[in-house]
Amino acid sequence: MPFKPDLHWSDVTPEALFLNRRQLIAGAGALLASPALAETPSETLEPTSLEDITSHNNFYEFGWDKGDPAAKAGAMTTKPWSIEIGGLVDKPGTYDLDDLVKGQTIEERIYRFRCVEAWSMVVPWNGFELAALLNRVGVQPSARYVAFETLLRPEEMPGQRDGSFPWPYVEGLRLDEAMHPLTLLATGLYGQPMPNQNGAPIRLVVPWKYGFKSIKSIVRITLTDQQPPTTWNILQPSEYGFYANVNPAVDHPRWSQASERRIGAGLFGGRVDTLMFNGYADQVASLYAGQDLAVDF
Ligand code: MTE
């Protein structure tokens with residue numbers, strides 16, 4: 001069912017009911033088996049409310065205000081949807097999304113999500129590992145990076161009529177980052193199809209990186225041997241590097257990255273320390289062994 005802005009999620013799945021279901025699954029041990037849920041002892045990952053996750057968004061194709069995506073993204077058509085997969089792969093082609101998703105096991109992963117603007121959320125995503133898709137199309141040995149591209153459709157995306165931004169939005173990962181089991185292609189959240197404002201019908205989620213790496217509404221994936229351009233790096237190279245790993249020790253030129261405001265946790269009680277690699281250091285720090293993260297920011 002496509003997301004309709006006039007249909008409130010609580011009309012579909014009462015949030016309390018969803019949480020009960022989640023707790024039941026956790027009781028059965030299924031969630032605990034997920035590597036994504038390794039938590040620091042001081043923090044329990046209590047999901048941010050659906051209301052907050054779907055009303056405080058960055059999706060500049062629909063405008064610059066946090067409320068613009070919720071107000072305007074309902075106009076985006078997400079069916080049919082296909083993804084063109086090309087470059088250094090064995091089976092390039094234009095794949096219908098339904099076919100791509102059909103063979104995948106959709107899992108729930110509750111991830112911290114940390115924006116470079118120093119706010120954060122905890123999101124219960126539904127999705128499958130990007131590695132599963134890449135393995136299916138066959139990554140050639142010479143590939144070193146993965147490039148992603150968002151839909152370009154100015155007639156449905158009013159922000160794209162603004163020529164000051166280099167549309168379409170593009171992002172990239174190193175191949176080892178893309179193949180990491182924490183890296184998801186998400187097709188939903190809170191057990192429902194992805195709301196348009198969160199990047200329907202399919203978006204990237206890389207939980208140890210700042211939120212801007214998590215590109216929305218993907219239409220193209222290209223395997224390359226060159227580091228691909230990324231939108232924020234093109235716009236402001238001194239502020240946004242290719243890696244964009246969450247790092248409390250390396251400040252953004254205009255903001256401290258040492259702490260973050262947890263959205264929905266109250267104006268005064270919601271400030272928490274930012275964790276190295278957003279709390280996923282045990283799983284991902286080894287990817288960057290030998291790199292100076294102040295240089296490769
Ligand atoms: N993807 C596209 N196509 N366009 C965007 O403007 N914004 C990025 C990222 N992906 C963005 C995007 C930024 S800056 C953030 S913080 C996250 O999406 C926000 O994701 P959310 O709205 O689901 O919280």
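Looking at (1) farther than 29 Å from residue 52 by Cβ; (2) in contact with a Ser or Thr (Cβ under 6 Å, 6 or more places away or on another chain), which is the only condition residue 134 fails?
(2)
Quick check on my filter: what residues within region 215-234 are among the polar types (S, T, N, Q), within 11 Å of the ligand (Cβ to nearest atom) and in a helix (DSSP H, G or I)?
Once the filter is applied, which keeps residues that are among the polar types (S, T, N, Q), within 11 Å of the ligand (Cβ to nearest atom) and in a helix (DSSP H, G or I), region 215-234 yields only 231.
Here are some conditions: (1) of a type in the set (Val, Ile, Thr); (2) modelled with pLDDT of 95 or more; (3) more than 18 Å from residue 184 (Cβ to Cβ). Residue 44 meets all but one. Which one does it not meet?
(2)
Out of region 260-297, which residues are surrounded by 13 or more Cβ atoms within 10 Å (Cβ to Cβ) and small (Gly, Ala, Ser)?
Answer for region 260-297, where residues must be surrounded by 13 or more Cβ atoms within 10 Å (Cβ to Cβ) and small (Gly, Ala, Ser): 264, 265, 270, 279, 281, 285.
Condition first: among the hydrophobic types (A, V, I, L, M, F, W, C), over 21 Å from the mean Cα position of the chain (by Cα) and assigned to a loop (DSSP other than H, G, I, E, B). Can you find one or more residues in region 239-248 that meet it?
Looking through region 239-248, none of the residues is among the hydrophobic types (A, V, I, L, M, F, W, C), over 21 Å from the mean Cα position of the chain (by Cα) and assigned to a loop (DSSP other than H, G, I, E, B).
Report yes if residue 96 is modelled with pLDDT of 95 or more and over 20 Å from the mean Cα position of the chain (by Cα), otherwise no.
Taking the combined requirement at face value, the residue satisfies it.
Residues in region 84-105: is at least one within 16 Å of the ligand (Cβ to nearest atom), among the hydrophobic types (A, V, I, L, M, F, W, C) and part of a loop (DSSP other than H, G, I, E, B)?
no
Tally the residues that are hydrophobic (A, V, I, L, M, F, W, C) and within 20 Å of residue 56 (Cα to Cα), restricting the search to region 247-285.
Counting residues in region 247-285 that are hydrophobic (A, V, I, L, M, F, W, C) and within 20 Å of residue 56 (Cα to Cα) gives 6.
Could you tell me whether any residue of region 163-184 is closer than 28 Å to residue 142 by Cβ, at pLDDT below 95 and not β-branched (Val, Ile, Thr)?
Looking through region 163-184, at least one residue is closer than 28 Å to residue 142 by Cβ, at pLDDT below 95 and not β-branched (Val, Ile, Thr).
Condition first: touching a helix residue (DSSP H, G or I) at 6+ places or on another chain (Cβ under 6 Å), surrounded by 20 or more Cβ atoms within 10 Å (Cβ to Cβ) and of a type in the set (A, V, I, L, M). Can you find one or more residues in region 61-75 that meet it?
Looking through region 61-75, at least one residue is touching a helix residue (DSSP H, G or I) at 6+ places or on another chain (Cβ under 6 Å), surrounded by 20 or more Cβ atoms within 10 Å (Cβ to Cβ) and of a type in the set (A, V, I, L, M).
The values are calculated or read from the model by the stated rules, or taken from the named source; none is laboratory data. Just so it is clear, the structure is predicted and the values come from calculations on it, not from any experiment. Don't worry about glycine lacking a Cβ; one is built from the backbone with ideal geometry, like all the others, and counts go over all protein chains shown.
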